[in-house]
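K.L.:
Structure in structure tokens, see below.
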Amino acid sequence: YDERAKALALRLLARIHFNSGDSNKATEYIAQSTDLFDKAGLFKSVSIIHKIIGRYYANKKEYAKADEQFEIAKAGLEKANDSIELFYININLIGMKIFQGKFAEAKELARRNAIYITDGTDKQAFALLYNNLGEIELLLQNFDSCRYYYQKTLALPLGYITDSLRQGNACIGISKSFMSENNKPQALKYALEALEISKLSDLSELQYNASLNLAELYKKSGDYKNAYYFQCR
């Protein structure tokens, strides 16, 4: 049988078990998969395993361990010259820095992450990059820059895998930026656009966030009836 195929299957099983919360079984599969990849000399595949482990630690908010695993993964992927995998590792690192409140570091990393994507890259990567930058600028209260990046997401052609999620989040971000400036008409316009996008998707989290954003907007404007309605949806 193909050792590489078996290693890939074990790596997939590890990801499934990590996502389901069974870290013991996931670790067992990770060890078996790593051993097979090592024996086959597939260092890039081993790097992907370190990325998976890094994501596991990041989700647990064990950031020092996550950083360590991501750095090991990056070293192997740089050796393999795999730009897109390096891009997605940085997406994880950016998310960690945002959660830790390290907004300036997150912004710098997001800007540097742009070198890994080209015109031929899947539009999902562009949307991720723009939304990262939009979120960071919103947190830094740079509202014009925030809207600039989110609008770049909205300008992307549809058809990539996560288009509804990225566009919905961009509209929510733009709405929040206008809300922060007390521009209620524009805040409401983009809040309603986010809600419409969410209705057309089957993404419960996006639907919840779009409704919550509208509830916050109505509450801020003193419309408690609508605020309560969207809060309870």
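The values are calculated or read from the model by the stated rules, or taken from the named source; none is laboratory data. Worth saying up front: this structure is predicted, and the values here are computed from it rather than measured. Quick reminder, even Gly has a Cβ in these numbers, built from the backbone with ideal geometry, and neighbours come from all protein chains shown. Side chains are part of the model used for accessible areas, which takes the heavy atoms of the whole protein and leaves out ligands, DNA and RNA. Shrake-Rupley method; radii C 1.70, N 1.55, O 1.52, S 1.80 Å.
K.L.:
Under a Cβ-only charge scheme (Lys and Arg +1, Asp and Glu -1), can you give me the dipole magnitude of the stretch 33-151 about the Cα centre, in debye to the nearest 20?
P.N.:
Approximately 160 debye in magnitude.
K.L.:
Solvent-accessible area of Phe87, probe 1.4 Å, all protein chains present, reported in Å² to the nearest ten, please.
P.N.:
Solvent-accessible area, nearest 10 Å²: 0 Å².
K.L.:
While we're looking at this one, here's another question. Let me spell out the model: positive unit charges on the Cβ of Lys and Arg, negative unit charges on the Cβ of Asp and Glu, origin at the Cα centre of the stretch 166-233. What dipole size does that give, in debye rounded to 20?
P.N.:
So the magnitude is around 160 debye.
K.L.:
Based on the mean of other Cβ atoms within 10 Å per residue, sort peptides 168-176, 103-111 so the most packed one is first.
P.N.:
On the way: 168-176: 25.6, 103-111: 18.0.
Highest to lowest by the protection proxy: 168-176, 103-111.
K.L.:
Another question about this same structure. Using a cut-off of 11 Å between beta-carbons, work out the net charge of the residues near Ala7 (Lys and Arg +1, Asp and Glu -1, Ala7 not included).
P.N.:
Net of charged neighbours comes to 0.
K.L.:
Moving on to the next point. Could you tell me whether the stretch 120-233 comes out rounded, prolate or oblate from its Cα gyration tensor? Rule is a ≥ b ≥ c as square roots of the eigenvalues, rounded for a/c under 1.5, then prolate if a/b exceeds b/c, otherwise oblate.
P.N.:
oblate
K.L.:
How long is the gain from Glu78 to Lys44 if the chain were fully straight, where each residue apart is worth 0.36 nm and the alpha carbon distance is subtracted?
P.N.:
11.3 nm
K.L.:
Going by alpha carbons, how many degrees (0 to 90, nearest 10) lie between the helix axis of 63-80 and the longest principal axis of the chain?
P.N.:
60
K.L.:
Further question: Just by accessible area at a 1.4 angstrom probe, what is the order of Asp122, Asp144 from largest to smallest? All intermediate terms of the calculation are to be shown ahead of the outcome.
P.N.:
Details: Asp122 75, Asp144 110 Å².
Most to least solvent-accessible, the answer reads Asp144, Asp122.
K.L.:
Does the chain come out rounded, prolate or oblate, given a ≥ b ≥ c as the square roots of the eigenvalues of its C-alpha gyration tensor, rounded meaning a/c under 1.5 and, failing that, prolate meaning a/b above b/c?
P.N.:
Judged from the Cα gyration tensor, the chain comes out prolate (a/c at least 1.5, a/b above b/c).
K.L.:
Leaving ligands, DNA and RNA out of it, rank Phe99, Phe70, Phe126 by accessible area with a 1.4 Å probe, largest first. Intermediate results must be reported in sequence, preceding the final value.
P.N.:
Details: Phe99 130, Phe70 0, Phe126 30 Å².
So, going from the largest accessible area down, we get Phe99, Phe126, Phe70.
K.L.:
Same structure again: Please compare each pair in Lys6/Lys60; Lys51/Lys102; Lys51/Lys123 to a cut-off of 25 Å on the Cα-Cα distance and tell me which ones are over it.
P.N.:
Correct reply: Lys6/Lys60.
K.L.:
Right, here's the next one. Taking the full set of protein chains and a 1.4 angstrom probe, give the accessible area of Arg55 in square angstrom, rounded to the nearest 10.
P.N.:
For Arg55, solvent-accessible area is about 110 Å².
K.L.:
So how tilted is helix 123-139 from the main axis of the chain? Cα-based, degrees 0 to 90, rounded to 10.
P.N.:
The two axes meet at around 60 degrees.
K.L.:
Assign unit charges at the C-beta atoms only (+1 for Lys and Arg, -1 for Asp and Glu), then state the dipole size of the chain relative to its Cα centre in Debye, rounded to the nearest 20.
P.N.:
Values: 31 positive and 28 negative charges, 81 e Å.
Magnitude of the dipole: close to 380 debye.
K.L.:
So, taking all protein chains as they sit and a 1.4 Å probe, how much accessible area belongs to Thr118, in Å² rounded to tens?
P.N.:
Thr118 exposes around 80 Å² with every protein chain in place.
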